[in-house]
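Read the structure below first, then the notes.
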Amino acid sequence: MTYYEDLQIGTRNCFGSYHVTREEALEFASKYDPQAFHLDDDAAAATHFGRLSCSGWHTAAMTMRMLVDNMDNVANTKSLGAAGIDLYFNQSHLPGSVAAVEAQSHPATELLDTRWHYDAQEVRTALDAYGVAGRAAYRQFQCLDFVFMALYGAGLALLLRRLTVGRWRWLALLPLAVALADLSENLMLAPLLGEAIRRISDEESVSSLFV
């Protein structure tokens, strides 16, 4: 049995493949996702798909089947249930094609407020890892961080102003400098966060078309 502490960063596991037939795709769609582009060739040809496509939920079901069938042999793990996942359909899955599942362990994602500089890819990777609920919580954290640092810096500066005398009065500037540094870091990060969140939102909107 593989436990959490046994996982090694970079480990890659392949959970087999699955050939989906046209008949199976039509049967699943007719039962659970009867949209025209999953059922009718002509209707699908008139959409952005260009041809008949599998339901995204069918793809998810096939993925689950491959994971369950190969969980013991490939990863030596058991499923204890899950709180849920963020599911994206970035491209259509076509009847007659072969699906495959591969998983790789990655290092834990750091909070985007621990160093001065991040590039766009780092921000996007972190926000992807946070998930929908995590991104919402992080936006709230960022808003609170702006307000907290401003109040903290001003309050501590006033306190030091009252407690210090003479040549030590300059100490009151230190909390203001720290607050300004944190605010400038947040301001530099804000455009990257906004752009990444917009792209993720756009992809979520597009992925809903593949369901």
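Of all residue pairs spaced 6 or more apart or on separate chains, those with beta-carbon atoms under 6 Å, a first member in region 3-15 that is under 19 Å from residue 102 (Cβ atoms) and a second member that is assigned to a loop (DSSP other than H, G, I, E, B) are 7/105; 9/105; 9/107; 11/105. Those helices (runs of 4 or more DSSP H) of region 27-73 in which at least 1 residues are under 20 Å from residue 15 (Cα atoms) and hydroxyl-bearing (Ser, Thr, Tyr), considering only elements entirely within it, cover 56-70.
Of everything listed in (1) modelled with pLDDT under 85; (2) more than 30 Å from residue 74 (Cβ to Cβ); (3) touching a Pro at 6+ places or on another chain (Cβ under 7 Å), the single unmet condition for residue 9 is (2). Check whether at least one residue in region 81-92 is of a type in the set (Asp, Glu), modelled with pLDDT under 75 and under 20 Å from residue 198 (Cβ atoms), and report yes or no. Looking through region 81-92, at least one residue is of a type in the set (Asp, Glu), modelled with pLDDT under 75 and under 20 Å from residue 198 (Cβ atoms).
Cβ separations smaller than 7 Å between residues 6+ apart or across chains give the following pairs from region 18-36 residues that are touching a residue at least 12 places away in the same chain (Cβ under 8 Å) to residues that are of a type in the set (S, T, N, Q): 20/97; 28/55; 29/55; 32/55; 33/55. When the criteria are applied in full, residue 107 fails the requirement of being modelled with pLDDT of 85 or more and either among the aliphatic types (A, V, I, L, M) or assigned to a loop (DSSP other than H, G, I, E, B) (or both).
The values are calculated or read from the model by the stated rules, or taken from the named source; none is laboratory data. As the structure is a prediction and not an experimental result, all values here were calculated from the model. Glycine gets a Cβ as well: all are built from the backbone with ideal geometry, and neighbour counts include every protein chain shown.
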